[in-house]
Amino acid sequence: MKRVLVLHASKMGATKEIAEAIGAELVGRGLHVTVHDVLEPRALDGYDAVVLGTAIYAGRWRPTARRFFRRFHRELADRRVWLFESGWLGPRPSRVNPTAGGRRRATRIGADAPMVFGGKLDPDRATGFLDRAVAKRMAGDARDWSEIRVWADGIADELVRDWAEPKTGN
Ligand SMILES: Cc1cc2nc3c(=O)[nH]c(=O)nc-3n(C[C@H](O)[C@H](O)[C@H](O)COP(=O)(O)O)c2cc1C
């Protein structure tokens, strides 16, 4: 059975919840899925596809996601990989661009540029002066669960098609 690894690099939990929703959608489509913090994997052996999501802080991927990518970029280049970033808050901007670092990493492994989802800021989850100050000013939840499910469904469509058993008996 082919396996999908869904990884999240989250500081306050919003990106982790997006990764869990993606994982649940893929499971609903009959795929074998593991959802983990990006810190966990010691190797990617046994996983045929990877979905990697990171929160964006100050225009950059989380340090744990950057480290993961540095360590595993060769293994990622050998697999189907989808990337997503979670960041913007408030009303949906007319155009949302992935970070420059995210685009560069995607190119390096032959993946599409990261999908960008809205994020969430909850002052109760923020620690540290800066995070608390920003979270108070920009508190809100811009995640669009149907958009997230549709994106995950697109991944499932591609994987199911790629992994379909060759037809016999014609
Ligand atoms: C200090 C701070 C800086 C942030 N910088 C950015 C940013 O540069 N771009 C962006 O899109 N979102 C930014 N955000 C919003 C977060 O990325 C967003 O709230 C995200 O969903 C948090 O994910 P997490 O809960 O998984 O850590 C920032 C938030 C804080 C608190």
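The values are calculated or read from the model by the stated rules, or taken from the named source; none is laboratory data. As the structure is a prediction and not an experimental result, all values here were calculated from the model. Virtual Cβ from ideal backbone geometry, glycine too; neighbours counted across all protein chains shown. Quick note on the areas: whole protein, heavy atoms, side chains included, nothing else; ligands and nucleic acids left out. Shrake-Rupley method; radii C 1.70, N 1.55, O 1.52, S 1.80 Å.
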Cα-based reach from K136 at 20 Å (exclusive), listing aspartates and glutamates while leaving out same-chain residues under 8 positions away: D122, D124
Compactness of the chain, expressed as Rg and Dmax over alpha-carbon positions, Å: 16.5, 66
I56 accessible area, assembled protein chains, probe 1.4 Å, Å²: 40 Å²
Efficiency of FRET between V96 and T34 - r from beta-carbon atoms, R0 35 angstrom, step 0.05: 0.80
Percentage relative contact order, the chain, counting C-alpha pairs under 8 Å, at least six apart: 22 percent
Solvent-accessible surface (1.4 angstrom probe) belonging to V150, in square angstrom, nearest 10: 100 Å²
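Within the accessible area of the range 1-154, what % is carbon and sulfur when the probe is 1.4 Å and the other protein chains stay in place? Walk me through the numbers before you get to the answer.
Numbers: 3920 of 7930 Å².
Carbon and sulfur atoms account for 49 percent of the accessible area of the range 1-154.
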Solvent-accessible surface ranking, highest first, for M12, M115, M1, M138 at 1.4 angstrom: M1, M138, M115, M12
Reach of K120 by Cα under 14 Å, taken over aspartates and glutamates that are not fewer than 8 positions away in the same chain: E17, E85, D131, D141, D144
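Report the convex hull volume per residue for the range 65-106, counting only C-alpha atoms, in Å³. Intermediate results must be reported in sequence, preceding the final value.
Details: hull volume 3.3 nm³, N = 42.
Convex hull of Cα atoms, per residue: 78 Å³.
Put K136, K120, K11 in order of accessible area, largest first, 1.4 Å probe: what do you get?
Working: K136 150, K120 55, K11 95 Å².
Largest accessible area first, the list is K136, K11, K120.
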